[in-house]
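The values are calculated or read from the model by the stated rules, or taken from the named source; none is laboratory data. Everything numeric in this text was worked out from a predicted model, so none of it was measured. We place every Cβ from the backbone using ideal geometry, glycine too, and count neighbours over all the protein chains shown.
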Amino acid sequence: MSQLLQTEYPAARIAHTPPGGPERPRLWQIVLLAGLLLWPYLPILIHLVGEWWQNPNFSHGFFVPLFSAFVVWQGRSTLVRLAPRPSWWGLLILGFGLSVLVLGQMGAELFLSRFSLLIVLAGLIVLFLGWGFFRALLFPWAFLVLMIPLPAIVLNQITFPLQLLASRVASTILQWLSVPVLREGNIIYLAAMPLEVAEACSGIRSLMSLATLAVIYGYLMERSNAVRVVLALASLPIAVAVNSLRVVITGLLVQYWDPDKAQGFFHEFQGWLMFVASLAILYLLHRVIRIIWPEEAGQSSSYSADPKQGWSLIAKRSGGLRFGLAAGFIALTAILLQARGRTEIIPPRLPFSSFPMQLGGWEGKDIPLDKETLDVLGPGDFLLRGYQDANNDDLPYVELFIAYFASQRTGDTIHSPQHCLPGAGWVPLENSQITLTFPGHSPFPANRYVISKAGVRKLVLYWYWAHDRGVASDYWAKFYLIKDAIRMNRSDGALVRIDADMLPGETPDAAEQRFLPFASIAFPLLNHYIPR
């Protein structure tokens, strides 16, 4: 930021505000605006910090605002010399940010609620200080994006491919090292035991943390913005490669040492060791770049802050209209959200424990969910039951799984089977959308998924169901979640999955026709357990 300030803003602009010109906001105005912002944002920030603390994938979030504050503090002497040029465009940006906040809060979308704070801050900077200040603060402002966890729908799209990539690379390297392996999905079968590349081993944790540290390292240690960008981008393949190496080392320890110890303390210790190795590789890459691309003399990555110059934001004149409008918009938004947020509708429903064991000629048997699966699913009501056709015991049983969430405002969302099933070792063979038609209901789309594991093929039908509406797409399900949360003040919803093993030589069409009669019997009961 400092180098840009020196080159982009000449002395005429980096000058003290002339008498009678625009002034900086008064200290009491800043304090009051900060207090008003805490009104709607304090619960969001508390939840955000809690996620940093509880979710290792985003524990780097603690360092992001601290580093942004450091960058701003480092540039205080230049910032204090910038002449304020308030712009009314900031009021539009502020209004847009508050609208995103309302949309995120009412629409049960945490990412929008959190990201809206950055838009609001940008609007306040432009409104009271002008575009010049915002350009000067662009880097620390943009860096704050890294403190916001990715939406679950995006994170799952990244995590599971990383799991499959790590398992694929690791199994290939282990074979090169003469270790006999068999890979199915993200599970590597060794002679001693199967090795699962779980979500924690996907590399997303090290990828997010290393990318954040790469940006910090580039800012502190590099003068060229181009090299900073290269280092930030290079952190991604470095994290993926080192994580694959971690899986390889775990496989070697399982094969040649002790499987229990390989997955215990040493596995966790490897995570820290591999992260340190990633930082070392990033440093070596920086050195190599500087050997190939020597640094030009006279470049300076930062200016020295003048300790004698304080950053006084106390002004002689208030800019009362701007302050009044900004404070009013924030207060009205907070009142609206408070009035709405206390009345989310949780409709009555029957628990899945009362779901019939006998459905026509089908007899059910509960399948227990283990603690690890329940931890991944989160708070909700779940049904996993196998139904056997009493008229034909030779046919495989049909498995019914329903996951219902009474509220998704806190981020507990539905997990797509296309992410979970490959995570359990199932290899996808075919994926398509079909239209289901059941008596008494209009047709709706569903996903048809053919998967394989250890020579067994399985046909899976699944769809998202909420308020008597079925959709197949993850993104349409999210769209309707936001729409219904705003329109109905409800964020409940469910995933319905019906699957069965396929017979040898059976086509997906034939397997679908085989257990659609069961689905036709179970479907009319959904509205009792998943409210309309």
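Out of D484, D509, report the one residue that is free of Cβ contacts under 8 Å to residues at least 12 places away in the same chain and of a type outside the set (G, A, S).
Going through D484, D509 in turn, the sole match is D509.
Only residues in region 210-228 that are over 19 Å from P65 (Cβ atoms) count as the first member; pair them with residues that are surrounded by fewer than 18 Cβ atoms within 10 Å (Cβ to Cβ), Cβ under 7 angstrom, at least 6 apart or cross-chain, and list the lot.
E222/S301; R223/E295; R223/Q299; R223/S300; R223/S301
Taking region 358-374, which residues are assigned to a loop (DSSP other than H, G, I, E, B) and touching a helix residue (DSSP H, G or I) at 6+ places or on another chain (Cβ under 8 Å)?
Correct list: G360, L369.
Considering each of F133, F139, F143 in turn, give the residue that is modelled with pLDDT of 75 or more, out of contact with any Leu (no Cβ under 9 Å at 6 or more places or on another chain) and in the same structural domain as E109 (by TED's automatic domain parsing).
None of the others qualify; the one that does is F143.
Quick check: is even one residue across region 422-433 assigned to a strand (DSSP E or B), modelled with pLDDT of 90 or more and crowded, with 20+ Cβ neighbours inside 10 Å?
No: region 422-433 contains no residue that is assigned to a strand (DSSP E or B), modelled with pLDDT of 90 or more and crowded, with 20+ Cβ neighbours inside 10 Å.
Have a look at D468, D492, D412, D484 and point out the one that is acidic (D, E), modelled with pLDDT under 85 and farther than 26 Å from R183 by Cα.
D412
For region 463-471, check the following and say yes or no: at least one residue is assigned by TED's automatic domain parsing to the domain that holds C420, touching a helix residue (DSSP H, G or I) at 6+ places or on another chain (Cβ under 9 Å), basic (K, R) and more than 28 Å from E109 (Cα to Cα).
No, because not a single residue in region 463-471 is assigned by TED's automatic domain parsing to the domain that holds C420, touching a helix residue (DSSP H, G or I) at 6+ places or on another chain (Cβ under 9 Å), basic (K, R) and more than 28 Å from E109 (Cα to Cα).
Of all residues in region 490-532, count the ones that are among the acidic types (D, E), part of a loop (DSSP other than H, G, I, E, B) and over 34 Å from the mean Cα position of the chain (by Cα).
Adding up the residues that qualify gives 1.
Could you look through region 387-400, keep only residues that are within 12 Å of L359 (Cβ to Cβ) and free of Cβ contacts under 8 Å to residues at least 60 places away in the same chain, and pick out the one that is surrounded by the fewest Cβ atoms within 10 Å (Cβ to Cβ)?
Once the filter is applied, the top-ranked residue is A390.
Would a scan of region 470-489 turn up a residue that is in a strand (DSSP E or B) and either among the charged types (D, E, K, R) or over 26 Å from the mean Cα position of the chain (by Cα) (or both)?
Scanning region 470-489 turns up no residue that is in a strand (DSSP E or B) and either among the charged types (D, E, K, R) or over 26 Å from the mean Cα position of the chain (by Cα) (or both).
Aliphatic (A, V, I, L, M) and modelled with pLDDT under 80: which single residue out of L337, L359, L350 fits that description?
Matching residue, one of L337, L359, L350: L337.
Within region 340-357, can one find any residue that is outside any loop (DSSP other than H, G, I, E, B), on the phi < 0 side of the Ramachandran plot and charged (D, E, K, R)?
Yes, that holds for at least one residue.
Y475 passes all but one of (1) hydroxyl-bearing (S, T, Y); (2) surrounded by fewer than 21 Cβ atoms within 10 Å (Cβ to Cβ); (3) over 13 Å from S416 (Cα atoms); (4) touching a helix residue (DSSP H, G or I) at 6+ places or on another chain (Cβ under 9 Å); which number fails?
Going through (1) hydroxyl-bearing (S, T, Y); (2) surrounded by fewer than 21 Cβ atoms within 10 Å (Cβ to Cβ); (3) over 13 Å from S416 (Cα atoms); (4) touching a helix residue (DSSP H, G or I) at 6+ places or on another chain (Cβ under 9 Å) one by one, Y475 breaks only (3).
With respect to the numbered conditions (1) surrounded by fewer than 16 Cβ atoms within 10 Å (Cβ to Cβ); (2) in a helix (DSSP H, G or I); (3) modelled with pLDDT of 80 or more, which one is the sole condition not fulfilled by L285?
Here L285 meets the rest and fails (1).
Residue-by-condition table, conditions (1) crowded, with 23+ Cβ neighbours inside 10 Å; (2) within 23 Å of I46 (Cβ to Cβ):
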residue: M106; (1), (2): no, yes
residue: I119; (1), (2): no, yes
residue: L137; (1), (2): no, no
residue: L150; (1), (2): no, yes
residue: Q163; (1), (2): yes, no
residue: T172; (1), (2): no, no
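For R457, state whether it is under 30 Å from the mean Cα position of the chain (by Cα) and basic (K, R).
Against the criterion (under 30 Å from the mean Cα position of the chain (by Cα) and basic (K, R)), R457 does not qualify.
Please determine, by comparing only the residues of region 485-516 that are of a type in the set (D, E) and surrounded by fewer than 21 Cβ atoms within 10 Å (Cβ to Cβ), which one is farthest from I414 (Cα to Cα).
Step by step, filter region 485-516, then rank; the result is E506.
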